[in-house]
Structures are given as structure tokens and as C-alpha cells.
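Undergrad: Let me begin by handing over the structure; questions about it come next.
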Amino acid sequence: MDIKLHSFNLELKHTFTISRESHDFQETLIVVLTSDGYSGFGEATSNPYYNSTVDKMSAIISKNKAFIASLSEEEPVEFWRKLQPIFKDDMFALCALDMAFNDLYARKQNKKLYEVWGLETTKNPMTDYTIGIDSVEKMVAKMKELPWPIYKIKLGTKNDIEIVTELRKHTDAIFRIDANCGWTVEQAIENSFKLKELGVEFLEQPLKADDFEGAKKLYKASALPIIADESCIIETDVEKCVGLFHGVNVKLTKCGGLTPGKRMLENAKKLGLKTMVGCMTESAVGISAIAHLLPLLDYVDMDGSLLLKKDIATGITINNGVIFYADENGIGTSLL
């Protein structure tokens, strides 16, 4: 199995701001695995919050190329299991490899990945579109630039309620709120009642990731469902969220790829939690991979490629929130 690495610096349409950072470009790593005339594609982005860089990911993959290449005939679950001990401290790199290998495996079977998994796609949820923190005027302008049925609004400012109140004047769309660990328990409880009146569907990770006592209070007192993000990173975190959150948002880069991500979602469903997958600001490679998990989801945030000035790949298409699969097998993507 041949392994190639490609790094890109993706330019965004607008400066993207959340409660802890802003950026205009997003570095990303594309992994291409080739075997028997087929190629599979995977992606993982850099992320300072999780100490992920393209150089770091490239180095650990390059160091272990021979071993990775020797696993070409494995099933995806075994491929991931054998790599996990090596990549346990770099789940982003493991994600890119796992994604590429799942893509390659499905292409070899001449099937789309969701078909390999035996999933039915007729009831897939729609994706939201994210509005990053900005002046209210610019946030309204972004909504008008792309009218959408569901918006995810990034908050964590001193005037969050005023922002949502103003945005509500300009659309009847469903709102989802992501405070990225930016609120206290008291703020989150108070805001939940006000935001429910403003047509908000749920709150995503309003408290700091390790504030489990606060999460317990919020879970009981909130007027809105609470979805874990930064508090639910790897597989063992799912069970910990029961009684603290109403649902979990699984990020493939954080948990190490499609293989563990799928298990997390299946486990969450068994535990009675709502299921969601979120994305980074990434290309059509990573976004197309998420699409194959849609049958397991209640909610999805897979708008990352829509935030780019120019994509580096083809793959799924999104029209007014509805996701359409590409004709290609595997995850259905190709580099341009």
C-alpha cells in the first residue's frame, strides 16, 4: 500500500471566530492510500486547542509508513486497532489514516461506505450552517449571504442574548447555539430560558469541558437540551455523558476517525443520548466522510467546506441543508 501526504492552507470566505480563537486560513493534511489500483482519501486539520499541527501529523505517519503499508489487507476495524497504540497521542493523524483506509476498503468492494456498513440513507438529517462570532451587522450579513433552514451560532460574548435577538429578526430558521465552553453555569441556565423563546433548538458545550459538577446542575435546570462537544472526545467519554448531557457531538478528528466515531454513535443511541457529528473547517474530503454516518444521527454540523473560498476536492454537495452523495464509491471524494 502506497502512502502519500498532501498539506494545504485553506482560505476561508470570512474570518471565523469562536469564543477562544479567530482565523482566516485553516491548515489541513490529506492522506492518500493506494492499493490494487484504488485510492482512498482522508483528512485531518491542524487545531491549536488539541495541539494538532500538520507537521506533527506528517512526522508520525512518515515514521510509521512501513507498518501502515503492511496492513493493506486488514478489515478497517483491525487496521484501526493495530494503529491505535502507535497513534494514541495523535488522534488527528489516526483519523486521517482511518478515513482514507475506510474509503479505500469501500472502493475495493465497489460500494459507497454507507452501503458497506448496511445503513439506510432515506431519513438523513439536514446540516446546519455556522455563523461565527462577529459584529451583529456582519453576522446578519452572513445569514443573508446564505439563507439556510438551520443556523449554528457561535457565542461566548458579553452580549449573547442581544445577538440572537437581533438575528431572529431576520430569519425564521432553526437556531443552534455553540458557546464553546464560554459560559458559567448560572449564565447557561439563565440563557437557556431566553434562548428557548428565541427559537433555539439546543445548546452545545456551554461550560468548560471538565466542569462536570456544573454540567450536572445545568442538565437538571436547563430549558434546552445540552449537547457535549469538548466534554466528549474519545469512546470512553460517551458513558460519562449520561446524566450530564442530553446528547453528544462526535468529532472524527478528536476520536481518531470513522471507525471509533461510528462505535461512539451506536453506543450513544443505546444509552438514550441524542447523536450528532460536527466538523472542523475542512475540505470536501473530511466533510464527505461525515455524510456516511448521517443515518446514525439526530443532528449534523458538516458545513466546513461551505466556509471555504475555494475547495481542494470534490465530494458530497449540499443544497439548502440537504446533503447529496457523490456518484463515486467509498466516501465519494477526489482531490482537484
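Undergrad: Distance in nm between label sites at Glu235 and Glu266, each 7 Å beyond Cα in the beta-carbon direction?
TA: 1.0 nm
Undergrad: Then there's this: Any chance you could check the Cα centroid distance between segment 1-15 and segment 234-295 for me, in angstrom?
TA: Segment 1-15 and segment 234-295 have Cα centres separated by 23 Å.
Undergrad: Identify the residues of segment 107-129 with backbone N under 18 Å of a label point that sits 7 angstrom from the Cα of Ser334 along the Cα-to-Cβ direction, or state none.
TA: From segment 107-129, the list is 107-113.
Undergrad: Continuing with the same structure: I'd like the orientation of helix 136-145 relative to the chain: the angle between its Cα long axis and the longest Cα principal axis, in ° from 0 to 90, rounded to 10.
TA: 50 degrees
Undergrad: Sorted from fewest to most neighbouring beta carbons within 10 Å, what does the list Ser46, Ser58 look like?
TA: Sorted ascending by nearby Cβ count, the order is Ser58, Ser46.
Undergrad: By average Cβ neighbour count within 10 Å, what is the ranking of 243-251, 111-119, 16-24 from highest down?
TA: Averaged packing, sorted descending, gives the order 243-251, 111-119, 16-24.
Undergrad: Which net charge results for the neighbourhood of Asn51, defined as the other residues with beta-carbon distances under 13 angstrom from its beta-carbon, given Lys and Arg at +1 and Asp and Glu at -1?
TA: So the surrounding residues net to -1.
Undergrad: A further question follows. In degrees between 0 and 90, to the nearest 10, how far off the longest principal axis of the chain does helix 185-197 point, with axes built from Cα atoms?
TA: Helix 185-197 and the main axis of the chain meet at about 80 degrees.
Undergrad: Counting DSSP beta bridges with both partners in the chain, what percentage is antiparallel, nearest 5?
TA: 50 percent
Undergrad: Taking the convex hull of the alpha carbon atoms in the chain, what volume per residue do you get, in Å³?
TA: 119 Å³
Undergrad: Based on the mean of other beta carbon atoms within 10 Å per residue, what is the order of 61-69, 297-305, most packed first?
TA: Output ranking for 61-69, 297-305: 297-305, 61-69.
Undergrad: Here's another thing I want to ask about it. If one takes the longest principal axis of the Cα atoms in the chain, at what angle in degrees, from 0 to 90 and to the nearest 10, does the Cα axis of helix 258-270 lie?
TA: Approximately 50 degrees, to the nearest ten.
Undergrad: What is the magnitude of the charge dipole of the chain about its Cα centre, with +1 placed on the Cβ of each Lys and Arg, -1 on the Cβ of each Asp and Glu, and no other charges, expressed in debye to the nearest 20?
TA: 280 debye
Laboratory data are not the source of any read-out in this text; all were calculated from the coordinates shown. These figures come from a predicted structure and were not determined experimentally. Heads up, the Cβs are rebuilt from the backbone with ideal geometry, glycines too, and the neighbour counts pull from every protein chain shown.
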